[in-house]
Amino acid sequence: MAAVGTPAPELRERVSRYYGFAEATSGPLRRREGPGVDVVVVLSFEHEWLIDNESRVSFVGGLTDRQVTTEHAGRSYGIQIDLPPPAAYGLFGVPMHELAQRTVALEDVFPDRTFVERLVEADGWRARFELLDAMFGRAFADARPPSREIEWAWRRLRDTHGTVAIGSLALELGWSRKRMVARFREQLGLAPKAIARVMRFERARELAQTDSSPDWARIAVECGYYDQSHLTRDFRAVTGLPPATFFQDAVSVAA
């Protein structure tokens, strides 16, 4: 069972999505996830997770340029919240490279431990999403605003699905490449090239999933790769698998 919630209008530049989940399986279930273009907050109501074999309950996952393996013992119940990295930087108040390529316990970056309990006790998903709207409304009111330049650069990359040239982006910002890399790592978590690669990968995956027999050459051109070989190299870097094999194995499997 799943429920998708749209944040309140005033939050939609700061919160991408709420996703409520409740799953029961006959045994442990392992999935490959991500990498995605958002910082992920998972609020677990009852059960532990293994994230790349590390035990977590509620946690925050920063940007990553590769897939991660998630596993639960047969039950999962909670909410996932997706945050654009500039918003997460303002909300958590820590350099985002400290969260990149890893997960951390929720309490390490968000000290209010009571709101998970309030979400558990709420009457249904809609009430939980409304509680999240209220909580995030207060939290972002007190958060430092993201850098206007970094927020603009993030949107530029997002809107072009990572196809804008990084050199052109630096010129548009009026920054040196060294400065741009440092600011991206501080406020987004990864260097510009890594973020662009993830965005191209996510776009290619989205296009491929709509076709039972993907035309990889066409997808490569549409997603801004130099050629199909470039697409294949990026898929291997992100997933460890070439595109065709990745989609054959993409379903969840029992551990």
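Mind checking which residues of region 15-27 are polar (S, T, N, Q) and crowded, with 19+ Cβ neighbours inside 10 Å? Break it down stepwise before answering.
Taking region 15-27 first, the residues polar (S, T, N, Q) are 16, 25-26.
Ser16 - this is the single residue of region 15-27 that is polar (S, T, N, Q) and crowded, with 19+ Cβ neighbours inside 10 Å.
Report whether or not Phe184 is under 15 Å from Gln67 (Cα atoms) and not assigned by TED's automatic domain parsing to the domain that holds Gly93.
Judged against the criteria, Phe184 is not a match.
Can you spot a residue in region 49-59 that is at pLDDT below 95, of a type in the set (S, T, N, Q) and either assigned by TED's automatic domain parsing to the domain that holds Glu206 or closer than 15 Å to Ala100 by Cβ (or both)?
No; the residues of region 49-59 include none that is at pLDDT below 95, of a type in the set (S, T, N, Q) and either assigned by TED's automatic domain parsing to the domain that holds Glu206 or closer than 15 Å to Ala100 by Cβ (or both).
Taking only pairs six or more apart or across chains, which ones have beta-carbon atoms under 6 Å, a first residue in region 86-105 that is within 15 Å of Ala191 (Cα to Cα), and a second residue that is surrounded by 21 or more Cβ atoms within 10 Å (Cβ to Cβ) and among the aromatic types (Phe, Trp, Tyr)?
Pairs that qualify, where the first residue is within 15 Å of Ala191 (Cα to Cα) and the partner is surrounded by 21 or more Cβ atoms within 10 Å (Cβ to Cβ) and among the aromatic types (Phe, Trp, Tyr), are Pro86/Trp154; Met96/Tyr89.
Could you give me the residue pairs with C-beta distances under 8 Å whose first residue belongs to region 128-156 and is assigned by TED's automatic domain parsing to the domain that holds Val116, whose second residue is of a type in the set (Lys, Arg) and surrounded by fewer than 17 Cβ atoms within 10 Å (Cβ to Cβ) wherever it lies, and which are 6+ apart or on separate chains?
So the pair list comes out as Leu131/Arg118.
Going through Arg30, Arg12 one at a time, which residue ends up being under 26 Å from Ala141 (Cα atoms) and surrounded by fewer than 15 Cβ atoms within 10 Å (Cβ to Cβ)?
Arg12
In this structure, is Arg12 assigned by TED's automatic domain parsing to the domain that holds Val116, of a type in the set (Lys, Arg) and touching a residue at least 24 places away in the same chain (Cβ under 8 Å)?
No.
Output the residues belonging to region 205-224 that are in a loop (DSSP other than H, G, I, E, B) and either closer than 22 Å to Val164 by Cβ or among the β-branched types (Val, Ile, Thr) (or both). First the steps, then the outcome.
If we filter region 205-224 for residues that are in a loop (DSSP other than H, G, I, E, B), which is where we start, we get 210-215, 223-224.
Matches in region 205-224: Thr210, Cys223, Gly224.
Just to be sure I understand, how many residues within region 104-145 are part of a helix (DSSP H, G or I) and either among the acidic types (Asp, Glu) or out of contact with any helix residue (DSSP H, G or I) (no Cβ under 8 Å at 6 or more places or on another chain) (or both)? Don't jump to the end; show me each part of the working.
Keep residues of region 104-145 that are part of a helix (DSSP H, G or I), which gives 106-109, 114-121, 125-142.
Among the residues that remain, those that are also either among the acidic types (Asp, Glu) or out of contact with any helix residue (DSSP H, G or I) (no Cβ under 8 Å at 6 or more places or on another chain) (or both) are: 107-108, 114, 117, 120-121, 125-127, 129-130, 133-134, 138, 141-142.
Going through region 104-145 one residue at a time, the tally reaches 16.
Given (1) surrounded by fewer than 15 Cβ atoms within 10 Å (Cβ to Cβ); (2) touching a residue at least 60 places away in the same chain (Cβ under 8 Å); (3) of a type outside the set (S, T, N, Q), identify the lone condition not met by Val198.
For Val198, the failing item is (1).
Mind counting the residues in region 42-89 that are under 14 Å from Arg31 (Cβ atoms) and touching a strand residue (DSSP E or B) at 6+ places or on another chain (Cβ under 7 Å)?
Residues flagged as under 14 Å from Arg31 (Cβ atoms) and touching a strand residue (DSSP E or B) at 6+ places or on another chain (Cβ under 7 Å) within region 42-89 amount to 15.
Can you tell me which residue within region 148-168, out of those that are buried (at least 17 other Cβ atoms within 10 Å of the Cβ) and more than 19 Å from the chain's Cα centre (by Cα), is farthest from Leu231 (Cα to Cα)?
Filtering region 148-168 for residues that are buried (at least 17 other Cβ atoms within 10 Å of the Cβ) and more than 19 Å from the chain's Cα centre (by Cα), the one farthest from Leu231 (Cα to Cα) comes out as Ile166.
I'd like to check which strands (runs of 3 or more DSSP E) are fully inside region 2-103 and have at least 2 residues that are of a type outside the set (Gly, Ala, Ser).
Fully inside region 2-103 and qualifying: 17-24, 29-33, 39-44, 49-51, 54-56, 59-61, 68-72, 75-83.
The values are calculated or read from the model by the stated rules, or taken from the named source; none is laboratory data. These numbers were taken from a predicted model, which means no experiment stands behind them. As a convention, Cβ positions derive from the backbone with ideal geometry for all residues, glycine included, and neighbour counts pool all protein chains shown.
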